[in-house]
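Enquirer: The structure's right below; bear with me while I get my questions together.
Rule-based calculations on the coordinates, nothing more; no lab input. Everything quoted here is computed from the prediction, not taken from an experiment. Cβ coordinates were reconstructed from backbone atoms using ideal geometry, including for glycine residues, and neighbour counts include every protein chain displayed.
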Amino acid sequence: MKTLRILGIRGVPATHGGFETFAEHLSKYLVDRGWRVVVYCQKEGAGQSYNGSWEGVELVNIPVSGDGALATVKFDLRSTIHASEFKNDLCLILGYNTASFAAILRARGVRTVMNMDGIEWSRAKWGIMAKSWLWLNERAGCHICHALVADHPEIATHLQTRAPAKKITTIAYGAKEVVQADRSLLDPFNVVPHQFATVIARPEPENSLLEIVQAYSRARRGMPLIVLGKYDHGSAYHRSVIAAASSEVRFVGAVYDKNVVQALRYFSSFYLHGHQVGGTNPSLVEAMGAGNAILAHDNRFNRWVAGSGALYFNDVEELSGHISTVLEKPSERDRLSQESKARFSAEFTWDFILAKYETLLSASSSAANE
């Protein structure tokens, strides 16, 4: 039986971000296909690791004190040391934040595959120390790991400046196609199906939340913009986003219930996506899976993902014009929705993505046991 150990996430079932959701889908998919899958899970507390299980997936629960970056580093180190004891198992590491720890696995003969995520060190939110740490770990991951996964062709091009092309496989992020949703889940938001727009993103400058809110607030739109995300009045940027909002912009906080998020996507008239950096963004793919018409920031990452299923903007004025277009021309909104669905079906379904991962992991597992 082939064994895969998954590191670099907080665990499954998913309660945090895109990597956890991906790991949840991949682990269940592989178990159904005869693999043994072990996932390392971060738990609050202290003491020795302990085993668990979920949906046929084996869990190694590792307690660490705290919930910040230092706790995550400690968890990653303990996970890596534990996984290094199993020389015949393959390790999939999601993200390169602590890629230098993979040297422990390499030194003990454990074969590793690393998903390199986006160009994390380039993000504006990081200070010089964090940028340096991430930059060094990106280099370390490219050098140490046996195989690398890029989730976007542009990420693959970037990685080729650091590693041989033959070491890199491009596999995008997947999502579930949303063909129905529970309408009653909209009730707490006081919205009418297909009579509201959505934006789901962490409120950071590189995600264009200020520009999106400013553009939406430039005119009376006749429907609300539902903004999901945690806003802290202690943050100057968050305050500026809130201050720019018209009465039609509603900040509903962070929503973690998957069914509620699915309903908001499914019944949304259109979706605004302001991410400026990164590879294949999970939120964008999920919006496409729900058949949303997309208004996206104009950059090489978003253009490859959304293709002709989006209108692209560079500034507030251009986005404001696109909002007016999709509101005033239902035929254009329908066209975008149809092309968004077609693009999703061709490239981003979970079955398509997970099959590509299994092919790569099978080859890597075979190499590990030669």
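Enquirer: If I compute percent of Cα pairs over 35 Å apart from the structure I just sent, which labelled value in (i) 18; (ii) 47; (iii) 26 lines up?
Expert: (iii)
Enquirer: Would you mind working out the magnitude of the charge dipole of the chain relative to its Cα centre, with +1 at each Lys and Arg C-beta and -1 at each Asp and Glu C-beta, to the nearest 20 Debye?
Expert: 660 debye
Enquirer: While we're here: What's the center-to-center distance, using Cα atoms, between the stretch 237-309 and the stretch 135-165 in Å?
Expert: So the two Cα centres are separated by 28 Å.
Enquirer: Given a Förster distance of 45 angstrom, what is the FRET efficiency for SER49 paired with GLU248, based on the Cβ-Cβ distance and rounded to 0.05?
Expert: Working: r = 50 Å, r/R0 = 1.11.
Efficiency, from the Cβ-Cβ distance: 0.35.
Enquirer: First check a/c for the stretch 171-219, with a ≥ b ≥ c the square roots of the eigenvalues of its C-alpha gyration tensor; if it is under 1.5, answer rounded, and if not, answer prolate when a/b is larger than b/c or oblate otherwise.
Expert: In terms of gyration-tensor shape, oblate.
Enquirer: What ranking of MET288, MET1 emerges when the number of other C-beta atoms within 10 Å of each C-beta is taken as an exposure proxy, fewest first? All intermediate terms of the calculation are to be shown ahead of the outcome.
Expert: On the way: MET288 32, MET1 5.
Ordered from fewest to most neighbouring Cβ atoms within 10 Å, MET288, MET1 come out as MET1, MET288.
Enquirer: Let me ask another. For every other residue with a beta carbon closer than 12 angstrom to the beta carbon of TYR231, add +1 if it is Lys or Arg and -1 if Asp or Glu, then tell me the sum.
Expert: Around TYR231, the surrounding residues sum to +2.
Enquirer: Classify the stretch 183-347 as rounded, prolate or oblate, taking a ≥ b ≥ c as the square roots of the eigenvalues of its Cα gyration tensor: rounded when a/c is under 1.5, otherwise prolate if a/b is larger than b/c and oblate if not.
Expert: Note, shape of the stretch 183-347 comes out rounded.
Enquirer: Farthest toward the dipole's positive end in the chain, which of ALA23, SER246, GLY8, given Cβ charges of +1 (Lys, Arg) and -1 (Asp, Glu) about the Cα centre?
Expert: GLY8
Enquirer: Then there is this: Suppose only helical runs count, i.e. DSSP H with n ≥ 4. What mean residue ellipticity at 222 nm does that imply for the chain under -39500 (n - 2.57) per run, divided by all residues and rounded to the nearest 500 deg cm²/dmol? Each step should come with its number before you reach the end.
Expert: Numbers: 13 runs with 150 residues, N = 370.
It comes out at -12500 deg cm²/dmol, rounded to the nearest 500.
Enquirer: Something else now. Going by a ≥ b ≥ c, the root eigenvalues of the Cα gyration tensor, does the stretch 241-315 fall in the rounded group (a/c under 1.5), the prolate group (a/b larger than b/c) or the oblate group?
Expert: oblate
Enquirer: Top mean-square fluctuation among ALA293, ALA103, ALA306, Gaussian network model of the chain, C-alpha springs under 10 Å?
Expert: ALA103
Enquirer: OK, next. Would you calculate the separation in nanometres between label points at SER240 and LYS87, each defined as 7 Å from the Cα along the Cα-to-beta-carbon direction?
Expert: That separation, rounded to one decimal, is 5.5 nm.
Enquirer: First measure r as the distance between the Cβ atoms of ASP67 and THR359, then evaluate 1/(1 + (r/R0)^6) with R0 = 35 Å and state the FRET efficiency to the nearest 0.05.
Expert: The value I calculate is 0.45.
Enquirer: Placing +1 on the Cβ of each Lys and Arg and -1 on the Cβ of each Asp and Glu in the stretch 220-288, which of GLY278, LEU225, PHE267 has its Cα farthest towards the positive end of the resulting dipole?
Expert: Of GLY278, LEU225, PHE267, it is LEU225.
Enquirer: For ASP351 and GLU332 in the same chain, what is the full-extension length gain: residue separation times 0.36 nm, less their Cα-Cα distance, in nm?
Expert: Length difference between fully extended and current span is 3.9 nm.
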